[in-house]
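The values are calculated or read from the model by the stated rules, or taken from the named source; none is laboratory data. Just so we're clear, the structure is a prediction, and the values are computed from it rather than from any experiment. In this analysis, Cβ positions are derived from the backbone assuming ideal geometry, glycine residues included, and neighbour counts consider all displayed protein chains.
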Amino acid sequence: MAPENLYTRGFTRLIHADKKLCKKMKNQAITRPELFTVRHVLIIETSTDTASIALATDGKIVVEKSFTSDRRHNALLFEPLGEIIQEYGKLALDAVLVGSGPGSYSGTRVGIAAAQGAALIAGCNAIAIPSILGTEVALSKKSCLAVGDARRGSYWLARIDENQLIGNPEITDTIGFDTALNQAEENGTLCFCMEAIRDREISITKPTATGLWKAWQNSPPQTQSLWAEKIPQPIYLAPPHITPSKKQVFG
């Protein structure tokens, strides 16, 4: 069976059962000194419509493949992944890094499920990194403000300095969003988004697998350790919207 077919079949099952996989891996997240001197690392970034997969060896990216898809990450991810595995499959992975957003929730979940599957097969850690840190603006190490459309009339804001996320992304309304943009402009703070925001002219910069690798390298061991201790999951900006049932279930 061709490598891409093997991994498509295996990872597709993982995507549909990622909750079970998370439970299985819950006690497998470990922190050890050699984690920070990894030699071979697979990196997956799927939080926007432009996704990428890369492999780093001895601190350098040796291959990166990208593709563009609006809603078909689950169908397009496995061909480039299979190609990388076919070419470099003899290397023993020390870790799998994956972008956790904020961004496309379904796209991010597909990437995380694939990363967990690859890590499970390789017997190493799957480690989630905020995707916004893998953008060109964030990697400049300048103070910047990442923003995005959180839908339903709300927006998200994330402050970054020295390529490190300052606190957690926060949700705000239109007034708060405009205020934050004005303050950023007054302070000379770089502002960017990863996807176009309607009726706004904000610089767009998208994360890449190579960018995630650089963000990992820029992070101190304490931050790497915190990331490694957590089970990978998308960055949740708000509780999921649940429409109440119109039918009375009990009583």
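Assorted remarks:
- With respect to the stated conditions, Gln222 fails to be within 29 Å of Val41 (Cα to Cα) and surrounded by 14 or more Cβ atoms within 10 Å (Cβ to Cβ).
Rundown of residues vs (1) surrounded by 14 or more Cβ atoms within 10 Å (Cβ to Cβ); (2) more than 23 Å from Ala51 (Cβ to Cβ); (3) modelled with pLDDT of 95 or more; (4) in contact with a Lys or Arg (Cβ under 6 Å, 6 or more places away or on another chain), yes/no style:
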site	(1), (2), (3), (4)
Trp156	yes, no, yes, no
Asp173	no, yes, yes, no
Asp199	no, yes, no, no
Ser203	no, no, yes, no
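- Verdict on Ile202 being assigned to a loop (DSSP other than H, G, I, E, B) and of a type in the set (A, V, I, L, M, F, W, C): yes
- A count restricted to region 109-157 and to residues that are within 15 Å of Gly99 (Cβ to Cβ), in a strand (DSSP E or B) and out of contact with any helix residue (DSSP H, G or I) (no Cβ under 8 Å at 6 or more places or on another chain) stands at 1.
- Which listed residue is surrounded by fewer than 19 Cβ atoms within 10 Å (Cβ to Cβ) and closer than 19 Å to Ser219 by Cβ, from Lys142, Lys65: Lys142
- Taking region 49-74 as the range and being basic (Lys, Arg) and at pLDDT below 95 as the test, the residues that pass are Arg71, Arg72.
- One residue stands out among those in region 48-106 that are touching a Ser or Thr at 6+ places or on another chain (Cβ under 9 Å), in a loop (DSSP other than H, G, I, E, B) and of a type in the set (A, V, I, L, M, F, W, C): the one that is farthest from Ile160 (Cα to Cα), which is Leu91.
- Ala196 fulfils the conditions (1) outside any loop (DSSP other than H, G, I, E, B); (2) more than 30 Å from Ile85 (Cα to Cα); (3) touching a strand residue (DSSP E or B) at 6+ places or on another chain (Cβ under 9 Å) except for a single criterion, (1).
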